[in-house]
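What follows is one structure encoded as structure tokens, with my remarks underneath.
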Amino acid sequence: SPDSVMLALKLDGSKLLERKIRVKRSVKKEKEKKTPPGPKQEFRNKTKGKNFRTNPGKKQTQASSFKGETADPAAK
């Protein structure tokens, strides 16, 4: 209440139980608005909460189904 604020401001600098009373007036500060980052923000929104899969309709194959050329260890 306004009365308690005025009393507190009057008591500023006085001593209570051998301790100095400090009172400051509360002032609301304007918050500075941060500018959102460019493409980084868009990237976060697209993949948030989803597991990454290149082809979601197809099942992923196992590593044993590799169809490339393998090195022959006996050829050395």
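The values are calculated or read from the model by the stated rules, or taken from the named source; none is laboratory data. Bear in mind the structure is a predicted one, so any value in this text is a computation, not a measurement. Cβ sites come from the backbone with ideal geometry, for glycine too, and all protein chains shown count toward neighbours.
Look at segment 1-30 and say how many of its residues are in a loop (DSSP other than H, G, I, E, B), basic (Lys, Arg) and surrounded by 10 or more Cβ atoms within 10 Å (Cβ to Cβ).
0
On the basis of being assigned to a helix (DSSP H, G or I), under 33 Å from the mean Cα position of the chain (by Cα), exposed (fewer than 10 other Cβ atoms within 10 Å of the Cβ) and modelled with pLDDT under 80, does Asn51 make the cut?
So Asn51 fails the test.
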